[in-house]
Amino acid sequence: MCGIVAVTGYKKALPLLLNGLEKLEYRGYDSAGIAVIEPETKNIICNKAEGKLRNLINNLNDKNISGTVGIGHTRWATHGKPEVKNAHPHTDSSGNIAVVQNGIIENFQDLKNKLEIEGVIFNSDTDTEVIPHLIQRELNTLSKLKLENNGSTLLVAVRNVISDLEGSYALAVLWSGAPTSLVVARRQAPLIIGLGEGEFMCASDTPAIANFTNIILPLEDEEIALLTPLGIEIYDSNNERQYRNPVSLKVSEQIIDKMNFKHFMLKEIYDQPGTAKNWLENYLIKNSENGQYQINYSFDTKFFESIERIDIIACGTSKHAAMVGSFLLEQFSGIPTNVFYASEFRYSPPPLLPNTLTIGVTQSGETADTIAAIDMEIKRRSSSVDKTFKPNLIAITNRKESSIGRQVPNIIDICAGIEVGVAATKTFFAQLLSFYGLAIKFAQIKGSQSPDEIGKLITELIKLPPLLEDLLEKHNQSSEKLAHDFFNIKDVIFLGRGINYPIALEGALKLKEISYIHAAGYPAGEMKHGPIALLDKKVPVISIASPGEVFDKVISNAQEAKARDSYLIGIAPECNGTEIFDYLMKIPSSNEWVSPLLNIVPLQLLSYHIAAHRGLDVDQPRNLAKSVTVE
Ligand code: AGP
């Protein structure tokens, strides 16, 4: 997490830095800060504020900052509380070097101890502060070698320092000794260079620079670059100069607009019919000869034939999408499938089994645990001599240019467009659709379902866009009303079974992350094994009851909750059995397989309205960040 932005050129740096930070605030909003080189004195002017970017902007209101070279940072606190002293940029003791960093320096304590023995005084509790001090020490050494004060010297100093750093980072460094230069570097954290008019810039993500350029150069892992107003030099970890062609940003990568919605989250919930349309257009192709539909994933799917089992690795909401995916892949396509928390998988992976497909699911493509787990899996499978153990990988992501996009050869781009709200909504929906595509593909290849059954599922998917529009229209107001009655509750239980159990988990996660109300999701049949003890009239139960295999069971489980005085909210079509609900959020009747794609919508709306009613910062909930690039 954390977002960094930096610029050097002939134009004032501050507007770009602040605009970039605004676009990066989704990555963290515990504090914000900038450092700019003062043109006359060549001194570094640093300004930082605790909390949201607007506090920094208020600080800067009466200041005339005209420098053209600068760096900026928006923080999600890892080491040290969200206080001004821990806000970036961090400087060395002389104040001549300033650094912004996104990542975690795992060996910072060792480095800090050594620097303290040498007499360095630290002003923050962060891991990052070791970097400017180490660069200062390196520059002192280089000056004894009579190296000139210029960008190339800064590049050497930063390169030497990062070779001692353990962990992951993206960083940008300013030095008053080379006042038009910037050095940037990355290891397992994103960084993109932008080529503007009269300026070069870099940032953690494309929207941060999209108002200033649409020509970018993604920095590869372990690369370091020197940016000056005259150009860019990029070097790999062997110090070999790298040359590559810039690429253009797609329009969708540039637009971040709330339209007329009060919050991005609500807009993104409303984007979902469009997400469904996009997916159908992009990935469903009708064979003109036999009239059958095919899933149009761009990679060669021959390897699917040998796959005997699937492991899926993900975190948070992506894991809930993976759980629906796992249900489909097992029950529809007949392939044994396991889902793992990435953070658990990386330290306790299952024993290696042959002919396994590993799927990484991450909307941001940057989640540190997911990236590390996939990396570990690639390494341990590649080192096996037995060919049946070799890695077969797919990544499901919304950012194909991200770390996972570079790590994994076979990408399913969920094409949801940029999601700004920290709570994932439309990307969850698009991840679900990607799994429907995979399940159909496997069912076709393995013959686990008749063409007729596959056709029925596809027909249900094609019907989605108008159903979703209808759902939004019906439930936006009703969930606002419901939120009015429930905004003060303390606990909520979500129940679901089968393919809708992960939807219960996702409903609970949405509610807790944006409204700070305690919520838990359970497989409905498990409630009587413990959670039922929580129930009384103060604990509402939201029960997902889609007609199909387990409908009667879910209704019985809801009945058990009602008998304990819980207020019962049903997410179900109006049909026999649903009269037991105190309040029914009506869902159009559908095939059980596609029911998660409909059931999730009212749950998203309800969470949104409860959080909005509580007056909370829906798009940027406390303590969270959109991409979790630390372990
Ligand atoms: C979603 O609402 C959450 N903010 C969070 O659980 C998220 O899904 C998780 O951090 C994984 O993110 P990813 O999809 O970018 O890997």
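Distance check, please: which entries in 277/562; 23/441; 42/146; 510/537; 258/400 exceed 30 angstrom between their Cα atoms? Please list the in-between numbers first.
Numbers: 277/562 39 Å; 23/441 37 Å; 42/146 21 Å; 510/537 22 Å; 258/400 23 Å.
Long pairs (Cα-Cα over 30 Å): 277/562; 23/441.
At 7 Å along the Cα-to-beta-carbon direction for both residue 617 and residue 553, put a label point, then send me their distance in nm to one decimal.
4.3
Rank 409, 584, 466 by how far each Cα sits towards the positive end of the charge dipole of the chain (+1 on Lys, Arg Cβ; -1 on Asp, Glu Cβ) and give me just the farthest.
Going by the Cα projections, it comes out as 584.
Name the aspartates and glutamates eligible as straight-distance cross-link partners of residue 112: C-alpha to C-alpha under 14 Å, and not fewer than 8 places from it in the same chain.
Within reach: 92, 125, 127, 129, 164, 166.
What is the extension gain from residue 106 to residue 57, computed as 0.36 nm multiplied by their sequence separation minus the C-alpha to C-alpha distance, in nm to one decimal? Could you put the intermediate results ahead of the total?
Numbers: separation 49, 0.36 × 49 = 17.64 nm, distance 3.17 nm.
Separation in residues times 0.36 nm, less the Cα-Cα distance, equals 14.5 nm.
Could you give the dipole magnitude of the chain about its Cα centre, charging the beta-carbon of Lys and Arg +1 and that of Asp and Glu -1, in debye to the nearest 20?
Values: 61 positive and 74 negative charges, 59 e Å.
I would put it at about 280 debye.
Using label points projected 7 Å from each Cα along Cα→Cβ, tell me how many nm separate residue 390 and residue 576, to one decimal.
Label-label distance for residue 390 and residue 576, simple model: 5.6 nm.
Quote the FRET efficiency, to the nearest 0.05, computed for residue 65 versus residue 215 with a Förster distance R0 of 30 Å and r equal to the Cβ-Cβ distance.
Details: r = 26 Å, r/R0 = 0.88.
Taking R0 as 30 Å, the efficiency between residue 65 and residue 215 is 0.70.
Excluding residue 292 itself, what net charge comes from residues whose Cβ is under 12 Å from its Cβ, given Lys and Arg +1 and Asp and Glu -1? Show your work: numbers first, answer last.
Values: positive: 286; negative: 289, 452.
Net local charge, residue 292 excluded: -1.
Gap in Å between the Cα centre of segment 65-124 and the Cα centre of segment 451-491?
47
Just add up the charged neighbours of residue 69: K/R +1, D/E -1, any other residue whose Cβ is under 11 Å from the Cβ of residue 69. Don't skip to the end; give the middle numbers.
Numbers: positive: 11, 12, 42; negative: 38, 199.
Around residue 69, the surrounding residues sum to +1.
At 0.36 nm per residue, and after removing the present C-alpha to C-alpha distance, how many nm does the segment from residue 250 to residue 296 gain when stretched out fully?
The span from residue 250 to residue 296 would gain 14.5 nm if fully extended.
Take every Cα pair under 8 Å in the chain that's 6+ residues apart, average their separations, divide by the length, and report that relative contact order as a whole percent.
Details: 1405 pairs, mean separation 74.2, N = 631.
Normalised by residue count, the contact order of the chain is 12 percent.
In nanometres, what is the gap between the two model label sites at residue 140 and residue 260, each 7 Å from Cα along Cα-to-Cβ?
Label-label distance for residue 140 and residue 260, simple model: 6.3 nm.
What does the extension gain come out to for residue 149 and residue 38, with contour length at 0.36 nm per residue minus their alpha carbon separation?
Values: separation 111, 0.36 × 111 = 39.96 nm, distance 1.70 nm.
That works out to 38.3 nm of additional length.
In whole Hz, what ³J(HN,Hα) sequence does segment 354-364 give by Karplus (6.51, -1.76, 1.60; θ = phi - 60°), x for Gly and Pro?
x, 6, 9, 9, 10, 10, x, 10, 7, 5, 6
Under 10 Å from the Cβ of residue 234, count the other residues' Cβ atoms, weight Lys and Arg +1, Asp and Glu -1, and hand me the total.
-3
Throughout, read-outs are computed from the coordinates displayed, never taken from laboratory work. What you see is a predicted model; the values in this text were computed from it and never measured. As a convention, Cβ positions derive from the backbone with ideal geometry for all residues, glycine included, and neighbour counts pool all protein chains shown.
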